[in-house]
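The values are calculated or read from the model by the stated rules, or taken from the named source; none is laboratory data. Bear in mind the structure is a predicted one, so any value in this text is a computation, not a measurement. Cβ atoms come from the backbone with ideal geometry, glycine included; neighbour counts cover every protein chain shown. The protein model used for the area step is the full one, side chains on, heavy atoms only, and it has no ligands, DNA or RNA in it. Shrake-Rupley method; radii C 1.70, N 1.55, O 1.52, S 1.80 Å.
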Amino acid sequence: MKSIARSLLRAARCSPAGGLRSRSAHCGKLHRPKLVLGIETSCDDTAAAVVDEAGNVLGEALQCQREVHLKTGGIIPHVAQQLHRENIEQVVKEALSVSGVSVNELTAIATTVKPGLALSLEVGLDYSLKLVNKYQKPFIPIHHMEAHALTIRLTNQVEFPFLVLLLSGGHCILAVAQGVSDFLLLGQSIDIAPGDMLDKVARRLSLIKHPECHGMAGGKAIEHLAQTGNRQQYTFSLPMQRYRNCDFSFSGLQNLINNTIIQKEKEEGIQEGELLSCVKDIAAAVQHVVAIHIIQRTYRAMLFCIKNGILSPKHATLVVSGGVASNQYIRKGLQALANANSFAFLSPPPRLCTDNGVMIAWNGIERLRAGLGVLNSTEGIRFEPKAPLGTDISNQVEEDSIKVPKLRKI
């Protein structure tokens, strides 16, 4: 484990791409722009970045722990914490070095403090507070899901309000972004997140042993195998069909899938841990039912927002972000849904859909501009493993009881 951790200490430099503005775009300015260092340690990746007020990504670094967690069969909180502790100083130094910015030149330091794994959040907050106190810089505590939601405003010209769908290994949220730190929560997963479910299904199918999936995370392995699988070989019931709200559920679906896997293992005469011959077909069926469930609930959110005047039918936008938003099958289905309902569809480039320091720094810039949550005193600041996003109006969604028209094939 220690040798693997040491081999992962090298922080990866990521050059600005996918619509991000380059540093040179701002060089002609006479005044010194506001500069924010963003630090992210909410789960299993250690990341940092420096972004200026014009949206230029001056420098960033990311230390991925995926190889370690693949070997342990999932994220073990105390292992993630130890890796964050080993990596954070080097990652922050790398981001600052690439940017050419010293800590003294920073306007503020922004750090994820909620939600996430407690042991991971603790590392990022402790390190940040030491910097803040040493250099006497303002501190901007960041809500991880708000950062995901606002990343699109770094890469695209999009005005508030917009509908945002956040899909990841830890969250599944539908909300309306009305402004910085101003969200209406329409629905969320009542149990586990889609990324978590896909990872668990991949482990149950032992996809790490599949010759085509070496080194792939669970969800990515499902997506890869599904490309050559026949989803029509298996049919899984859609969750929550009786509930006309925008909430999601994936744990019951996971149980259905596990029962199918057990049955197929009996039919093929193999033990758990061995590869099924039909693994590609199962992967395709799993990916499809997850996509349809997500699309169906998002469809209701669209109809609710238009009906209640929350979004204008002429200028409505659907933004999709988070790690699972990188799944091209799910993304294409949501794109088709947006097109059919005259919504613009936007999603950050895949590398900014997963956890990163850029989104934290950008959220810090957004909050600086709005004058929201910029602290000159860090007394009493704490990390929060669980934290809701915005004002919950999910009961109103359920009361409207909007029937979703039948979905076309995706």
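Being of a type outside the set (Asp, Glu) and more than 30 Å from residue 45 (Cα to Cα) is the requirement here; does residue 316 meet it?
Yes.
Listed here are the residues, each with its yes/no results for (1) out of contact with any His (no Cβ under 7 Å at 6 or more places or on another chain); (2) touching a residue at least 40 places away in the same chain (Cβ under 8 Å); (3) among the β-branched types (Val, Ile, Thr); (4) surrounded by 20 or more Cβ atoms within 10 Å (Cβ to Cβ).
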site	(1), (2), (3), (4)
226	yes, yes, no, yes
230	yes, yes, no, no
239	no, yes, no, yes
251	yes, yes, no, no
277	yes, no, no, no
284	yes, yes, no, yes
291	yes, yes, no, yes
294	yes, yes, yes, yes
297	yes, yes, no, yes
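Residue under question is residue 209, and the condition is that it be over 22 Å from residue 294 (Cα atoms) and among the basic types (Lys, Arg); does it hold?
When the stated conditions are applied, residue 209 passes them.
From (1) farther than 27 Å from residue 220 by Cα; (2) assigned to a loop (DSSP other than H, G, I, E, B), pick out the condition that doesn't hold for residue 385.
(1)
Residue 77 versus (1) surrounded by fewer than 19 Cβ atoms within 10 Å (Cβ to Cβ); (2) in contact (Cβ under 8 Å) with a residue 40 or more places away in the chain; (3) touching a strand residue (DSSP E or B) at 6+ places or on another chain (Cβ under 9 Å): which is the lone unmet condition?
It is condition (3) that residue 77 fails.
When segment 322-354 is examined, which residues are found to be open to solvent by less than 50 Å² (accessible area, probe 1.4 Å) and basic (Lys, Arg)?
Across segment 322-354, the qualifying residue is only 331.
Of all residues in segment 242-269, which are of a type in the set (Ser, Thr, Tyr) and assigned to a helix (DSSP H, G or I)?
251, 260
Kindly indicate whether residue 319 is part of a strand (DSSP E or B), modelled with pLDDT of 95 or more and crowded, with 18+ Cβ neighbours inside 10 Å.
It is true that residue 319 is part of a strand (DSSP E or B), modelled with pLDDT of 95 or more and crowded, with 18+ Cβ neighbours inside 10 Å.
Does segment 200-209 contain any residue that is within 23 Å of residue 271 (Cα to Cα), under 26 Å from the mean Cα position of the chain (by Cα) and in a loop (DSSP other than H, G, I, E, B)?
Yes, because at least one residue in segment 200-209 is within 23 Å of residue 271 (Cα to Cα), under 26 Å from the mean Cα position of the chain (by Cα) and in a loop (DSSP other than H, G, I, E, B).
Is it the case that residue 338 is free of Cβ contacts under 8 Å to residues at least 40 places away in the same chain and assigned to a helix (DSSP H, G or I)?
yes
Out of (1) in contact (Cβ under 8 Å) with a residue 24 or more places away in the chain; (2) open to solvent by 30 Å² or more (accessible area, probe 1.4 Å), what's the single condition that is false for residue 126?
The number of the failed condition is (1).
Going through 192, 88 one at a time, which residue ends up being of a type in the set (Val, Ile, Thr) and either modelled with pLDDT under 95 or in a loop (DSSP other than H, G, I, E, B) (or both)?
192
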